[in-house]
Each structure stands twice: as structure tokens, then as C-alpha cells.
Amino acid sequence: MDVLQINVGKLCNLSCKHCHVEAGPNRKEIMERDVMEACLRVCREQKVKTVDITGGAPEMNPHFEWFVKEVCKMCSHVIVRSNLVILTEEGYRHLPKFYADHKIEVVCSLPYYQAKVMDRVRGDGSFDRAVKVIQELNALGYGREEDLVLNMVYNPAGAFFPPAQAMEKEYKVKLLGDYGIVFNHLFTITNNPTGRFFHFLQNSCNLNSYMQKLCSSFNRSTVEGLMCRYQVSVGYDSKLYDCDFNQASELPVSTGETIFDLIGKPYRARKICFGNHCYGCTAGQGSSCGGATEA
């Protein structure tokens, strides 16, 4: 276990059309402090290399800042996945500086580099608000200084595969030329048929064709880099999953453990649980929370 990915809740200020965890403003699921404390203890005992904090909008968890500070005391690589838009709202505008002060790697979701495409996925005005935050992060040194890493995530806006990881160059040229924005890397991620995207596929009569496309594009060379082989995902209620997509599919680890069960015990390997959505991570160039996985 190199990475402990922690979903601190499904509450979010947005209701994105492709969201695989179906996060939104009306979700009530929030990780409580005792679960966070168990995560911290496991990180310390297992000497976890990377902690990856996600949501929902993780910033909306009332214990978020305390948790980030505590994680930083025991882990040198801490990631926060942000939708950016939340950082323009009252009560959250100080967080870019907070991230910089604690050397947090920010992974921000930017579905596209044009407003009309992103706003169609996330809502009117979301692109302009995100750009404003990225420019603020750049001014703090993100994307420019070695220890202030800013990575972006691209998700397709429909039932098709993401372009090659080389799309990073296109993003960098467009964002720099139009907005003066710089960043480190772009992760191109396949939309897995779970959550809100699954319902979109059903409602648009694209589910069968999309699944056939995923299955027929299976690429064996992606398997070595699958995130479920080195990462454990913790749900808001302490349940463990082999990955974030299994969590969205309510497919817990085969041993049925919670984060509390890992306290004080050596970590043991187990068989990974699979579902049809796993074809999303093994199709084409492969896909994970860190982008393409093809060897």
C-alpha cells in the first residue's frame, strides 16, 4: 500500500454530469473525525508514502483543514483533489494560500480549456471561476516552483474515450496563450460507467455500446499500472475499497475490512474485487486517478 486515498464525503457545491460518486449539494455523507483519526494512525503505522484526499468537494468537510495539517505531519506527499470552483466561495477563499503553506499537491479537475464545454458539464460560469483560482495558484508559485505541484484532470464530456496523454501539450499551449496559466501535468481519465455517468449512459441509450467499446479495447499492458494494485480507498464511513471506482460501485474489499481493522496490524495483500466498470481502467492507454497506465 503506497497510497491511501481518502474520500472525506460526498457533499459538493457542484453536480457534474460525469461525477462517478454522484456528489452534490444535497449529499449528507461526511467523514467524521474518528474515522479521520483512524486514517492518520494507519498512515503512521504503515508509513504510507502518499495520502490522496478527495470527495465530493473535500474542502466542505468541517474537519478538512485540521485533517490536512495532521496528515502533513506524517506524510511528505499529500494530494487534494479540488473542483476549484469551491475556492471562490465564501469560507474557502483562503485555501489556496493554505495549500501553498503546507506544500499540498493540488489536482484540479478542468474538463476542458474552453468555457462552453466545461460549463455544459459543470454549470454556467464554472470555467471562469476555475481559471481565476488557477491564476491565483500560479501567483502563489503553483506550477512554477518545484514543491508546489499543480496537476489537472481531463474527463470526456460524453460516451467516448479521452485523447492520448499527449493532450497535455495542447492544454498547456491553450491555457498559457489565453489565460497565462501554467501547470505541471494533465491526467486524461476515462469515464467509468458508474454513478451519474452510468445513469447518463442509460438515459441516452449508450450503455451497451460504451461497454462494448471498453471491453473490445482491453489492453493487457495497462494492468501493471492499475491503481488498485498499490492503493487503498477509504470511504466516508470507514469502509475499505480497492479503488475509488469500486467505492462508487459499492464494491468493498473482499475481506470486508474498515480502516479501523488496519490499526495495529501488518498490512496484508488480498485479492482485488472486479466489476464490469474495471474495463474503464484497462481500455486503450489505461486510466487511473493519475492518468494513463500503459506500460
With Lys73, Lys97 as the choices, which residue is assigned to a helix (DSSP H, G or I), open to solvent by 10 Å² or more (accessible area, probe 1.4 Å) and touching a residue at least 12 places away in the same chain (Cβ under 8 Å)? Lys97
Do you know which residues across region 236-257 are closer than 18 Å to Phe198 by Cβ and either open to solvent by less than 70 Å² (accessible area, probe 1.4 Å) or assigned to a strand (DSSP E or B) (or both)? Tyr241, Cys243, Asp244, Phe245, Asn246, Gln247, Ala248, Ser249, Leu251
Which pairs do you get when a residue that is surrounded by 17 or more Cβ atoms within 10 Å (Cβ to Cβ), found in region 175-186, comes within reach of a residue that is small (Gly, Ala, Ser), reach meaning Cβ atoms under 7 angstrom, with the pair 6+ apart or on two chains? Phe183/Gly143; Asn184/Gly143
Determine whether Asn83 is out of contact with any Phe, Trp or Tyr (no Cβ under 6 Å at 6 or more places or on another chain), over 26 Å from His185 (Cα atoms) and among the polar types (S, T, N, Q). no
Flag for Asp101 being acidic (Asp, Glu) and within 30 Å of Phe161 (Cα to Cα): no
Taking Ala38 as meeting all but one of (1) in a helix (DSSP H, G or I); (2) open to solvent by 60 Å² or more (accessible area, probe 1.4 Å), write down the number of the exception. (2)
Look at Tyr112 and say whether it is touching a Ser or Thr at 6+ places or on another chain (Cβ under 8 Å), of a type in the set (Ser, Thr, Tyr) and in contact (Cβ under 8 Å) with a residue 24 or more places away in the chain. no
Pick out the one residue from Leu140, Leu84, Leu95 that is hydrophobic (A, V, I, L, M, F, W, C) and farther than 22 Å from Gly24 by Cβ. Leu140
Restricting attention to region 130-174, which residues are in contact (Cβ under 8 Å) with a residue 24 or more places away in the chain, aliphatic (A, V, I, L, M) and open to solvent by less than 50 Å² (accessible area, probe 1.4 Å)? Ala130, Val131, Val133, Ile134, Leu137, Leu148, Val149, Leu150, Met152, Val153, Ala159
Please specify each residue of region 137-168 satisfying the condition of being over 21 Å from the mean Cα position of the chain (by Cα) and assigned to a helix (DSSP H, G or I). Ala139
Could we say that Tyr267 is hydroxyl-bearing (Ser, Thr, Tyr), open to solvent by 60 Å² or more (accessible area, probe 1.4 Å) and in contact (Cβ under 8 Å) with a residue 24 or more places away in the chain here? yes
Got a sec? Which of Tyr154, Tyr179, Tyr171 is in contact with a Ser or Thr (Cβ under 9 Å, 6 or more places away or on another chain) and hydroxyl-bearing (Ser, Thr, Tyr)? Tyr154
Please pick out the residue among Thr88, Thr54 that is open to solvent by 10 Å² or more (accessible area, probe 1.4 Å), hydroxyl-bearing (Ser, Thr, Tyr) and within 16 Å of the chain's Cα centre (by Cα). Thr54
Could you figure out which of (1) modelled with pLDDT of 95 or more; (2) over 16 Å from the mean Cα position of the chain (by Cα) isn't true of Asp119? (1)
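The values are calculated or read from the model by the stated rules, or taken from the named source; none is laboratory data. Just so we're clear, the structure is a prediction, and the values are computed from it rather than from any experiment. Using ideal geometry, Cβ is built from the backbone for each residue, glycine included, and neighbour counts are taken over all protein chains shown. The protein model used for the area step is the full one, side chains on, heavy atoms only, and it has no ligands, DNA or RNA in it. Shrake-Rupley method; radii C 1.70, N 1.55, O 1.52, S 1.80 Å.
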